[in-house]
1. Mind checking which residues of the stretch 154-169 are in contact (Cβ under 8 Å) with a residue 60 or more places away in the chain and in contact with a strand residue (DSSP E or B) (Cβ under 7 Å, 6 or more places away or on another chain)?
2. Has the stretch 261-280 got any residue that is surrounded by fewer than 23 Cβ atoms within 10 Å (Cβ to Cβ) and within 19 Å of residue 183 (Cβ to Cβ)?
3. Filter the stretch 161-172 for residues that are more than 19 Å from residue 225 (Cβ to Cβ) and buried (at least 17 other Cβ atoms within 10 Å of the Cβ) and give the result.
4. Tell me which of these residue 320 doesn't satisfy, since it passes every other one: (1) touching a residue at least 40 places away in the same chain (Cβ under 8 Å); (2) more than 21 Å from the chain's Cα centre (by Cα); (3) in a strand (DSSP E or B); (4) under 19 Å from residue 226 (Cβ atoms).
5. With 387, 335 as the choices, which residue is surrounded by 15 or more Cβ atoms within 10 Å (Cβ to Cβ) and touching a helix residue (DSSP H, G or I) at 6+ places or on another chain (Cβ under 9 Å)?
6. Residue check, residue 151 against (1) touching a helix residue (DSSP H, G or I) at 6+ places or on another chain (Cβ under 9 Å); (2) free of Cβ contacts under 8 Å to residues at least 12 places away in the same chain; (3) in a strand (DSSP E or B), all met but one. Which one?
7. Looking only at the stretch 391-429, which residues are under 17 Å from residue 336 (Cα atoms) and either surrounded by fewer than 22 Cβ atoms within 10 Å (Cβ to Cβ) or out of contact with any helix residue (DSSP H, G or I) (no Cβ under 6 Å at 6 or more places or on another chain) (or both)?
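The values are calculated or read from the model by the stated rules, or taken from the named source; none is laboratory data. No experiment lies behind these values; they were computed from the predicted model shown. In this analysis, Cβ positions are derived from the backbone assuming ideal geometry, glycine residues included, and neighbour counts consider all displayed protein chains.
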């Protein structure tokens, strides 16, 4: 092979090797770019999958954590005997409860119950533990049931310290007999404010302390009747009491002469307010948590027995008062209406204790008020507990969560557990 051929062959060989290296480099660059593209295109998907897995693990951990947290309540299953009644007949919707006015806005918070003396002075107690006298639409402070501290009335957490007067009535000597939800039964001079403890909640009855004193009435012979709504939950935990639907309430009596306390009825579902019949041969009593009203016989062949006179009520009854017409006026603290798609909340969860336990772990007590409808309702019952009339405030323009309906002449004073005003109807229109 001549030099030219050798040179040509060598040049061709070098060129071939150079081309091979260039092709390899190009192929390598293409492969690298392709791999980078694939990795970049897959990376967001991997990140999304990883994020979703993390969320699932976190939710599972939270669910397990919530499940393992002890529930504050130990509920019993309760099934209402039927749906609430339809809004027709004497229950037909109206706006008659809107025809009133508000007094003492921002001055009275939660005037729960009322009584009046022969001169027309009205007495009530509020969430800050205070007792008040109302005279010609003027307000006078009488006394503090517990200690006076700046926090009174700001939170239910301070109620055991500040006191919380619920039921109150005047006895034959013109003294106020007061059921303080936390502390016990008191006698209070309505003019001097002097307090005397008659029976402490710690002492209770039959070895069981009082947990939640509530309704109170005084019979013609001076015996004080009162309710202990729960031996487990205090007033500030009333939502737990309602959700638990237990039977830890009692109707009791106190003899002011001997100081003896007797249990008249036990195993009641949150017994609340009650009222004597005109002849005091029986009383009607509200079992609030199950929307019941029972009749308890005091005289005659049925004395000492009870019977249900109204169930599946349109709402949860609070206090019951006797009107000057001989009828019974019932404040409805929360309505219980049928919804288009779902039954009422307590009807829905009533049969399921596990669900109740779970709910109270997730929902703070302070949130429940926001879930309640602002619907005002009063019922008028006949002698046998039948509904004969109702007054409605569908928008809550005057009031809602009615605890008491107290008649004084032509005026009706409407109580509440927490509202910061006193609604008054000037006639039963």
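1. Result: 164, 166, 167.
2. So in the stretch 261-280, the residues surrounded by fewer than 23 Cβ atoms within 10 Å (Cβ to Cβ) come out as 261-267, 275-280.
Those still in the list that are within 19 Å of residue 183 (Cβ to Cβ) too: 261.
Among the residues of the stretch 261-280, at least one is surrounded by fewer than 23 Cβ atoms within 10 Å (Cβ to Cβ) and within 19 Å of residue 183 (Cβ to Cβ), which makes the answer yes.
3. To start, the set of residues in the stretch 161-172 that are more than 19 Å from residue 225 (Cβ to Cβ) comprises 161-164.
162, 163, 164, listed by residue number.
4. The failed condition is (2).
5. Numbers: 335 fails: touching a helix residue (DSSP H, G or I) at 6+ places or on another chain (Cβ under 9 Å).
Matching residue, one of 387, 335: 387.
6. (3)
7. Taking the stretch 391-429 as the starting set, the residues that turn out to be under 17 Å from residue 336 (Cα atoms) are 391-396, 399-403.
Within the stretch 391-429, 392, 394, 395, 396, 399, 400, 401, 402, 403 meet the criteria.
One line per residue, one yes/no per condition, for (1) part of a helix (DSSP H, G or I); (2) at pLDDT below 65:
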{"residue": "54", "(1), (2)": "yes, no"}
{"residue": "59", "(1), (2)": "yes, yes"}
{"residue": "64", "(1), (2)": "yes, yes"}
{"residue": "67", "(1), (2)": "yes, yes"}
{"residue": "72", "(1), (2)": "no, no"}
{"residue": "78", "(1), (2)": "no, no"}
{"residue": "83", "(1), (2)": "no, no"}
{"residue": "86", "(1), (2)": "no, no"}
{"residue": "93", "(1), (2)": "no, no"}
